[in-house]
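The values are calculated or read from the model by the stated rules, or taken from the named source; none is laboratory data. Note that this is a predicted model, so its numbers are computed, not measured. Every residue, glycine as well, gets a Cβ built from its backbone with ideal geometry; the counts of neighbours run over all protein chains shown. The protein model used for the area step is the full one, side chains on, heavy atoms only, and it has no ligands, DNA or RNA in it. Shrake-Rupley method; radii C 1.70, N 1.55, O 1.52, S 1.80 Å.
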Amino acid sequence: MSKVFMSYSHKDEELRDELETHLSMLKRNGMISTWHDRKILPGDEFESEIDENIEDADIILLLISPYFLDSDYCLNIELNRALERHEDGEARVIPIILEHCNWELAEFSKLQALPNDGRPVTDFPNQHKAFTEIVKGIKKTIDEASQSESKPTQSEAPAEKKTSVKSTDP
């Protein structure tokens, strides 16, 4: 099961909730579990909970909007750690473009975004279509990761058996 961390601005909570609704079939099929900061319980330490969950995540979704780009916490804390983990091959970071903004100027703009071509979710006349496209992209990422995990690497591949033939000549 892949652990999915959602980094977002609280001003985008409605769109985050809608994405979570669309991810429900991946959850029901045991493919993912999701986490975001609204799952922090009363009395828990905010920063340590976020740190722990971003470290455990296999996939980190950046829910991009002008509000995300304006958030010092999203950019300086969550985004920086997400990109470090991505570059180290520890997690996959996927930008999800929610609204029009200058995300092309951001450090994560080198990453393939969803929906396709970086079209904002809010541009779709039917946002369900956008979220369906996003879920399909996330599923494809999970499927490819599990396929590469199931293939043995060169060092794990069984070695060829060497047979030695004893000479019977005196």
request  = Scan (1) closer than 13 Å to Lys3 by Cα; (2) touching a residue at least 40 places away in the same chain (Cβ under 8 Å) for the single condition Leu62 breaks and write down its number.
outcome  = (1)
ask   = So which residues in the stretch 82-141 are basic (Lys, Arg) and within 17 Å of Tyr8 (Cα to Cα)?
value = Arg92
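Okay, residues lined up against (1) at pLDDT 50 or above; (2) open to solvent by less than 70 Å² (accessible area, probe 1.4 Å); (3) of a type in the set (Val, Ile, Thr); (4) within 16 Å of Thr21 (Cβ to Cβ):
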| site | (1), (2), (3), (4) |
| --- | --- |
| Asn126 | yes, no, no, yes |
| Asp143 | yes, yes, no, no |
| Ser148 | yes, no, no, no |
| Gln154 | yes, no, no, no |
| Lys161 | no, no, no, no |
query = For the stretch 92-109, which residues satisfy the criterion of being without any contact (Cβ under 8 Å) to a residue 40 or more places away in the chain and within 15 Å of Phe5 (Cβ to Cβ)?
reply = Val93, Pro95
ask   = Which residues, counting only those in the stretch 24-70, are open to solvent by 30 Å² or more (accessible area, probe 1.4 Å) and of a type in the set (Gly, Ala, Ser)?
value = Ser24, Gly30, Ser33, Gly43, Ser48
request  = Could you please let me know if Leu75 is modelled with pLDDT under 95, open to solvent by less than 70 Å² (accessible area, probe 1.4 Å) and within 24 Å of Asp117 (Cβ to Cβ)?
outcome  = yes
